[in-house]
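Read the figures in this text as sums done on the coordinates, not as results from a lab. Keep in mind the model is a prediction, meaning the values are calculated, not measured. Here Cβ is always computed from backbone atoms with ideal geometry, including for glycine, and neighbour counts include all displayed protein chains.
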Amino acid sequence: MQQDNQKVSVLFMLFGILFCVCLITANVLETKQISIGPVNVTAGLIVFPVSYIINDVVCEVWGYRRTRMLIWMGFAMNFLFVLFGALADWIPGAPWWNGEEGFHAVFGLAPRITMASFIAFLAGSFINAYVMSRMKLSSQGANFSARAILSTIFGEGVDSIIFFPLALGGVIPWEQMPSLIISQVMLKTLYEIIVLPITIRVVKFTKQHDHEDVFDHDINYNIFNILKI
């Protein structure tokens with residue numbers, strides 16, 4: 001029976017791949033600034049909230065343990081991407097190549113921004129998973145929509161509160177920081193609300209396909225118990 005519990009389904013593997021792709025893609029898109037109405041944001045907003053939606057789906061279906069492994073896997077793959085990108089950026093380009101400036105703009109991430117991004121991602125993702133897990137227990141599995149939205153507000157809120165001061169403190173005026181954080185959380189939460197009907201169908205299909213609907217009774221929420229799946 002223990003051996004069966006250690007198996008990973010094809011759907012979980014696909015969610016893991018998509019999770020990592022979204023995180024890495026968001027890193028690249030963060031290098032472009034865009035405007036949504038009166039609000040200026042980074043293009044990473046297009047894809048980054050998808051990682052929180054996947055977080056919700058995995059936690060709802062397979063529970064906190066699998067979500068914990070997913071978050072650390074995403075962190076590791078994102079770290080490798082940034083590491084190899086920085087290495088390629090550091091190596092001098094060929095004499096005839098004229099794309100150095102553009103390449104550096106994408107892969108030459110400042111260490112301060114990179115560190116802030118990693119810390120914010122870990123904190124926000126684990127808060128999101130924890131809130132989903134605890135609310136599922138307290139509601140006995142009811143009200144998935146409310147749980148998905150509230151967990152996103154908490155997770156994205158922590159992510160933004162950590163990232164922007166660490167990455168941009170002193171670069172942008174401090175008095176503009178609260179409005180920037182609030183606008184980011186609101187836009188990302190709105191994103192989740194818009195795609196919520198799709199998320200609900202994905203959760204329903206996944207539960208039926210894998211015959212899984214885990215409740216995290218008597219679980220250790222230590223984020224470093226990575227191999228406990």
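Assorted remarks:
Residues are listed down the side, and each one gets a yes or a no for (1) farther than 25 Å from Met115 by Cα; (2) crowded, with 16+ Cβ neighbours inside 10 Å; (3) more than 19 Å from the chain's Cα centre (by Cα):
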position: Ala167; (1), (2), (3): no, yes, no
position: Ile182; (1), (2), (3): no, no, no
position: Val185; (1), (2), (3): no, yes, no
position: Ile193; (1), (2), (3): yes, no, no
position: Ile198; (1), (2), (3): yes, no, no
position: Val203; (1), (2), (3): yes, yes, no
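- Filtering region 111-140 to residues that are aliphatic (A, V, I, L, M) and closer than 22 Å to Val214 by Cα leaves Ile127, Ala129, Val131, Met132, Met135, Leu137.
This table checks each residue for (1) surrounded by fewer than 24 Cβ atoms within 10 Å (Cβ to Cβ); (2) under 16 Å from Arg134 (Cβ atoms); (3) in contact with a Leu (Cβ under 7 Å, 6 or more places away or on another chain).
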{"position": "Ile24", "(1), (2), (3)": "yes, no, no"}
{"position": "Lys32", "(1), (2), (3)": "yes, no, no"}
{"position": "Gly37", "(1), (2), (3)": "yes, no, no"}
{"position": "Ala43", "(1), (2), (3)": "yes, no, yes"}
{"position": "Val47", "(1), (2), (3)": "yes, no, yes"}
{"position": "Ser51", "(1), (2), (3)": "no, no, yes"}
{"position": "Asp56", "(1), (2), (3)": "no, yes, no"}
{"position": "Arg68", "(1), (2), (3)": "no, yes, no"}
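- Comparison of Leu83, Leu18 shows that the only residue that is over 20 Å from Arg201 (Cα atoms), free of Cβ contacts under 8 Å to residues at least 60 places away in the same chain and part of a helix (DSSP H, G or I) is Leu83.
- Meets criteria (in contact (Cβ under 8 Å) with a residue 24 or more places away in the chain and closer than 20 Å to Arg201 by Cβ) for Asn78: no
- Residues within region 7-17 that are surrounded by 16 or more Cβ atoms within 10 Å (Cβ to Cβ) and under 14 Å from the mean Cα position of the chain (by Cα), tallied: 2
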